[in-house]
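Novice: Below: one structure in structure tokens.
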Amino acid sequence: MAVLEEIKEALMAGNANKVKELTQKALDEGITPTTIINDGLIAAMNIIGVKFKNNEVYVPEVLVAARAMHAGMDVVKPLLTADAMEDKGTLVIGTVKGDLHDIGKNLVIMMMEGAGFKVVDLGIDVPVEKFVQAVEEHKPQLVGISALLTSTMMQMKKTVEGLAAYRDKIKIMVGGAPVTQKFADEIGADGYAPDAASAVDLARQLLA
Ligand code: B1M
């Protein structure tokens, strides 16, 4: 599957148009959207992550890579959502206050929509009150909280605490690179998912 390697290279180079074109080419070759996401788009973003950590690339490169990733995602997203025949439940999701990372959250959203869930995206930098307001307004069965920084993980705890009054009506799922099952248990979340595909499995389990 040489095209997946080409996608990775184009993404790491931040070439959004090329990623878009190659993602379509991969689909035309019969590669599944999930494989393209996991083995092409996410795999490349992970490499960028390591390079960012090692100071081999800097914020601008990361941002253009993220934009290229979104360009690829835009191509596969309609296919993920195409088989969303029935409404499986509503998820309100956001990245916690102080945290601007949304690539992983957006992937979770795509996978959840693909699995037939209705998703209300609160975006990034979401304060506890906004989560509460959205639960009041949309009456979801699920609330998803994402955090990518160790410094914002405690905001996740505050969000879980802020939703205490609704716990008989909602299940709370958490995720993000620094989050673990142990942390999820400690803050009283109902579940933790390490990646977007597992988030769908978890949502199904929590609502079963
Ligand atoms: Co940031 N950043 N960043 N960054 N950034 C990390 C997270 C970091 C690990 C990089 C590093 O140093 N190695 C580090 C955090 C260190 C720490 O806290 N321990 C870091 C830092 C320090 C920062 C800044 C402070 C840098 C600075 O300004 N000095 C700053 C903070 C800004 C802020 O939020 N207030 C910052 C800024 C940025 C950018 C804006 C440049 C950009 C974000 C762009 C955007 O999101 N629109 C960015 C990026 C892209 C990254 C890295 C490189 C990649 C993150 C990513 O998108 N990964 C990241 C390094 C890394 O993770 N290796 C890094 C791909 C994505 C698919 O994975 O988000 O983990 P992830 O999501 C996965 C799972 O975690 C899970 O499913 C997803 C798909 O499988 N998941 C869930 C996520 N949410 C879930 C929710 C669920 C379930 C599963 O249920 C609800």
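Novice: With respect to Leu80, is the statement that it is surrounded by 14 or more Cβ atoms within 10 Å (Cβ to Cβ) and in contact with a Pro (Cβ under 7 Å, 6 or more places away or on another chain) true?
Specialist: Yes; evaluated as a whole, the condition is true for this residue.
Novice: Let me ask another. Can you pull out every residue in segment 94-120 that is open to solvent by 30 Å² or more (accessible area, probe 1.4 Å) and aliphatic (A, V, I, L, M)?
Specialist: Scanning segment 94-120 gives Leu100, Ile103, Met111.
Novice: Further question on the same structure: Can you tell me how many residues in segment 121-138 are under 11 Å from Asp102 (Cα atoms) and open to solvent by 60 Å² or more (accessible area, probe 1.4 Å)?
Specialist: 3
Novice: If you don't mind, another one. Please go through segment 39-58 and pick out each residue that is more than 8 Å from the ligand (Cβ to nearest atom) and out of contact with any Leu (no Cβ under 7 Å at 6 or more places or on another chain).
Specialist: Ala43, Ile47, Lys51, Asn54, Asn55, Glu56, Val57, Tyr58
Novice: Out of all the residues in segment 48-68, is one or more more than 22 Å from Thr152 (Cβ to Cβ), of a type in the set (A, V, I, L, M), assigned to a helix (DSSP H, G or I) and open to solvent by less than 60 Å² (accessible area, probe 1.4 Å)?
Specialist: Scanning segment 48-68, I find at least one residue that is more than 22 Å from Thr152 (Cβ to Cβ), of a type in the set (A, V, I, L, M), assigned to a helix (DSSP H, G or I) and open to solvent by less than 60 Å² (accessible area, probe 1.4 Å), so the answer is yes.
Novice: Still on this structure, please answer the following. Cβ contacts < 7 Å: first residue within 12 Å of Ala197 (Cα to Cα), restricted to segment 105-121; second residue at pLDDT 80 or above and open to solvent by 30 Å² or more (accessible area, probe 1.4 Å), any location; separation 6+ or different chain. Result?
Specialist: From segment 105-121, the pairs are Ile109/Asp121; Met110/Lys77; Ala115/Lys88.
Novice: Find the residue count for segment 1-26, including only residues that are part of a helix (DSSP H, G or I), closer than 12 Å to Ala44 by Cβ and among the polar types (S, T, N, Q).
Specialist: 1
Novice: Among the residues of segment 125-152, how many are touching a Ser or Thr at 6+ places or on another chain (Cβ under 6 Å), hydroxyl-bearing (Ser, Thr, Tyr) and in a helix (DSSP H, G or I)?
Specialist: 0
Novice: Could you list, ordered by first residue, the pairs with Cβ atoms under 8 Å in which the first is in segment 166-194 and among the basic types (Lys, Arg) and the second is in a loop (DSSP other than H, G, I, E, B), at least 6 apart or interchain?
Specialist: Every condition considered, the pairs that remain are Lys169/Lys139; Lys169/Gln141; Lys171/Gln141; Lys171/Asp190.
Novice: Further question: For residues that are at pLDDT below 90, in a helix (DSSP H, G or I) and among the small types (Gly, Ala, Ser), tally how many sit in segment 69-92.
Specialist: The qualifying residues number 1.
Novice: Here's a follow-up. Within segment 22-32, can you find the residues that are open to solvent by 30 Å² or more (accessible area, probe 1.4 Å) and within 20 Å of the chain's Cα centre (by Cα)?
Specialist: The answer is Thr32, and nothing else.
Novice: Name, by its number, the condition in (1) more than 22 Å from the chain's Cα centre (by Cα); (2) open to solvent by less than 70 Å² (accessible area, probe 1.4 Å) that does not hold for Val19.
Specialist: Every listed condition holds for Val19 apart from (1).
The values are calculated or read from the model by the stated rules, or taken from the named source; none is laboratory data. Predicted, not measured: the structure shown is a model, and the values here were computed from it. Ideal geometry is used to build each Cβ from the backbone, glycine not excepted, and the neighbour counts take in all protein chains shown. Side chains are part of the model used for accessible areas, which takes the heavy atoms of the whole protein and leaves out ligands, DNA and RNA. Shrake-Rupley method; radii C 1.70, N 1.55, O 1.52, S 1.80 Å.
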